[in-house]
Amino acid sequence: MDKITLQATLEGYFTWFHRHPELGLAEHKTTARIRELLLGAGVEILDTPLKTGLIAQIRGRPGGPVTALRADIDALPIAEATGLDYASEHPGCMHACGHDFHLTALLGAALLLREEAETLAGTVKLLFQPAEEGAGGAQAVLDTGFLDDVEEIYGLHVMATLAPGVIALSPGATYATVGRFRILVKGRGGHAAEPHHSKDPIVAAARIINQAQTIISRGTSPFDPAVLSITRVLAGSTWNVIPPEALLEGTFRAFSPEKLTHIAESLGKICRGLEESDGIAIDYTWRIVTYSTNNDPVLTEWVAETAKKLDLSVVPYPPTMGGEDFALYQQRIPGVFLNIGVGSPQELHNPGFIANPAPLATAAELLAALGKGSVARLAQNPPSLGSG
Ligand code: NI
């Protein structure tokens, strides 16, 4: 398929997906449409227990190596405000993170790889992953066991502010380790006129909020970035009652689980200190939501070379405190998570985010080249004997 035809085809797919965004684990129409398009192109779909999302494959030489390409397919609970003529038809739901672009680009790669199956040195698995936005989609895909034979994995994400079609990537950790916390301050409610008979949870919560600001600024190295944001404060029901409880929620992020744990434990110390000084009880819980991505340095270099062979400009990717569950695949399988510019007027997760569809065919060609090139390289240089 020539590039102009491919681009026109993909733009048609893309506007449909943009019109029909669905939240994580509810991507039923999206999955049905992907299935329909793949089957229409003669692409094999694997029989997995996934309720939404799917895994397809292009089989080349039997017994050859297996590489995976991954796209996420879920949208966000955001009311779209782009004014596009193909804007979301699902109120309060929007493809504001470009996952419609990702899945369309992967469909394009499927079309290209299907055409070239005879010259493929192995198998390319295509992961249309559900629920990237915090609902455990990558884990669900890994749990199917269909990635057990995969030797390398590649994924692509749009980058809002970068010029359309420019590729950005860097080795190592480019997306943060993301932690989430919840603090329930349990005091004793009472009359606002008699605070001395209460244990005011609001004052304690305010002290937690203030003291938390020094954990990173005073307690961690400025050369190793981290962030802590308290994003939810909930207490009280009226003006003259001291409530019994106050709830805080938020997130901390860093580039290593060790650093994140240090920050989490520091917040725990602040809570324990207040329990002693104020005589209140504090339930503090936290967990890691996603780990940092980890781009293999050798493969990152190879991806950059592959992109340059397609006449694409390649720039370094500036690390983000955003999270990305592609990291979970990279804990088991070497791979690269790369970015493509889509020249949006607004950032990701903004109601005005617009992914320019112009580089769709480019993204599809690059993904196809990575799949094809990866199995070819692996077939020439199989991993050392005995590695299983
Ligand atoms: Ni995303």
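Just so you know, all these numbers are worked out from the coordinates, no wet-lab data involved. All figures in this text were calculated on a predicted structure; none of them were measured in a lab. Neighbour counts run over all protein chains shown; Cβ positions are idealised from the backbone, glycine included.
Results, tabulated for the structure shown:
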item	result
Calculated P(r) tail over 17 Å for region 22-152, as whole % of Cα pairs	58
Electrostatic dipole magnitude of the chain [Cβ: Lys, Arg +1; Asp, Glu -1; Cα centre; debye, to 20]	560
Spatial separation of Cα centroids for region 253-285 and region 315-329, in angstrom	26
Calculated FRET efficiency for the pair Gln139/Gln211, C-beta based, R₀ 41 Å, to 0.05	0.75
Full-stretch length increase - Arg332, Glu275 - with 0.36 nm per residue and alpha-carbon distance subtracted	16.4 nm
Taking region 177-290 and dividing mean pair separation by its residue count, relative contact order in percent (alpha carbons under 8 Å, at least six apart)	45
Point-to-point label distance, Asp149-Val298, nm (Cα→Cβ direction, 7 Å offset)	2.3
Qualifying chymotrypsin sites (Phe, Trp or Tyr not before Pro) in region 142-229, DSSP loop, other Cβ atoms within 10 Å at most 10	Phe223
Difference of contour (0.36 nm per residue) and Cα-Cα distance, Glu347 to Ala379	7.5 nm
FRET efficiency, Asn356 to Thr320 (Cβ-Cβ, R0 25 Å, nearest 0.05)	0.80
Protection proxy ranking of 277-288, 24-35 - average other beta-carbon atoms within 10 Å, highest first	24-35, 277-288
Region 11-98, relative contact order [Cα under 8 Å, separation at least 6], %	37
Candidates Ile78, Ile333, Ile153: whichever shows maximal mean-square fluctuation once the chain is modelled as a Gaussian network with Cα springs under 10 Å	Ile78
Where N is the number of residues in region 177-290, Cα Rg divided by 2.2 N^0.38 Å	1.13
Gain in span if fully extended, Thr161 to Ala193, counting 0.36 nm per residue against the direct Cα distance	6.3 nm
Electrostatic dipole magnitude of region 177-290 [Cβ: Lys, Arg +1; Asp, Glu -1; Cα centre; debye, to 20]	240
Positive-end residue, the chain charge dipole about Cα centroid, Cβ charges, pick of His90, Leu247, Gly64	Leu247
Antiparallel DSSP beta bridges within the chain, percent to nearest 5	65
Separation in nanometres of the label points that stand 7 Å from Cα toward Cβ, at Leu84 and Lys186	4.7
Percentage relative contact order, the chain, counting C-alpha pairs under 8 Å, at least six apart	25
Residues of region 295-328 with amide N under 20 Å of a point placed 7 Å along Cα→Cβ from Asp2	310-311
Greater than 29 Å apart at Cα, pairs in Lys51/Lys309; Lys259/Lys308; Lys3/Lys308; Lys199/Lys259; Lys29/Lys308	Lys51/Lys309; Lys259/Lys308; Lys199/Lys259; Lys29/Lys308
Note, ³J(HN,Hα) from phi for region 249-255, Karplus 6.51, -1.76, 1.60, rounded to Hz, x at Gly and Pro	9, x, 9, 10, 9, 7, 9
Residue-averaged 222 nm ellipticity for the chain, from DSSP H runs of 4+ at -39500 (n - 2.57), nearest 500	-11500 deg cm²/dmol
Euclidean distance of C-alpha centroids, region 163-182 and region 87-157, integer Å	18
Scaled radius of gyration (Cα, divided by 2.2 N^0.38 Å) that the chain gives	1.12
